[in-house]
Amino acid sequence: MKRLTTFSTAQWLLLGLAALLVFGSCGGGVSGFLYSLGASRRQRLWHIMSQERRAHEAARRQLRGRARLAVYDSLEARAQRQLDSLAPGAFAQRKLAHRWPKIERQLRRQQAAGQ
């Protein structure tokens, strides 16, 4: 009969360290992305996001049905055009597309801290 093997605590720690070494440096995540933008582009990104959020909320309060959806689409298209010029490259576009809420949270935190 085959004996089941178990890992010791030291082996689990080494496994975790190996995973961190392999997967830990995959581009820096959202923090690395924001840091690579620089202060002025990060400020511009914050302005684009806050402007879109305010316009979205105004459309939600004032419009209903298809009119609201049409305005949402135009707002998204306008923001996407601005973001395309702000963050060129596949890595930056992927972060903006898939990590939007996390980017917004980190930018809000940075703005509150005064960075």
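The values are calculated or read from the model by the stated rules, or taken from the named source; none is laboratory data. Predicted, not measured: the structure shown is a model, and the values here were computed from it. Every residue, glycine as well, gets a Cβ built from its backbone with ideal geometry; the counts of neighbours run over all protein chains shown. Quick note on the areas: whole protein, heavy atoms, side chains included, nothing else; ligands and nucleic acids left out. Shrake-Rupley method; radii C 1.70, N 1.55, O 1.52, S 1.80 Å.
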Tally time: how many residues in the stretch 79-99 are closer than 19 Å to TRP46 by Cβ and touching a residue at least 12 places away in the same chain (Cβ under 8 Å)?
9
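What's the total number of residues in the stretch 1-31 that are in a loop (DSSP other than H, G, I, E, B), open to solvent by 100 Å² or more (accessible area, probe 1.4 Å) and modelled with pLDDT under 75?
Count: 5.
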Could you please find all residues in the stretch 85-109 being at pLDDT 85 or above, surrounded by 12 or more Cβ atoms within 10 Å (Cβ to Cβ) and either among the aliphatic types (A, V, I, L, M) or assigned to a helix (DSSP H, G or I) (or both)?
TRP100, LYS102, ILE103, GLU104, ARG105, GLN106, LEU107, ARG108
Residue within the stretch 45-52 that is assigned to a helix (DSSP H, G or I), surrounded by 15 or more Cβ atoms within 10 Å (Cβ to Cβ) and of a type in the set (D, E, K, R) present
yes
I'm trying to understand the selection: among the residues of the stretch 58-73, which are of a type outside the set (A, V, I, L, M, F, W, C), exposed (fewer than 12 other Cβ atoms within 10 Å of the Cβ) and either part of a helix (DSSP H, G or I) or touching a Gly at 6+ places or on another chain (Cβ under 7 Å) (or both)?
ARG61, GLN62, GLY65, ARG66, ASP73
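Within the stretch 54-109, track down each residue that is among the small types (Gly, Ala, Ser) and more than 19 Å from PHE33 (Cα to Cα).
Those that are among the small types (Gly, Ala, Ser) and more than 19 Å from PHE33 (Cα to Cα): ALA55, ALA58, ALA59, GLY65, ALA67, ALA70, SER74, ALA77.
Per-residue answers, yes or no, for (1) of a type in the set (D, E, K, R); (2) over 29 Å from GLN110 (Cα atoms):
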residue	(1), (2)
LEU37	no, no
SER40	no, no
ILE48	no, no
GLU52	yes, no
ALA55	no, no
GLN62	no, yes
ARG66	yes, yes
LEU69	no, yes
GLU76	yes, no
The one condition in (1) modelled with pLDDT of 80 or more; (2) closer than 20 Å to PRO101 by Cβ; (3) in contact with a helix residue (DSSP H, G or I) (Cβ under 8 Å, 6 or more places away or on another chain) that SER50 fails to fulfil:
(3)
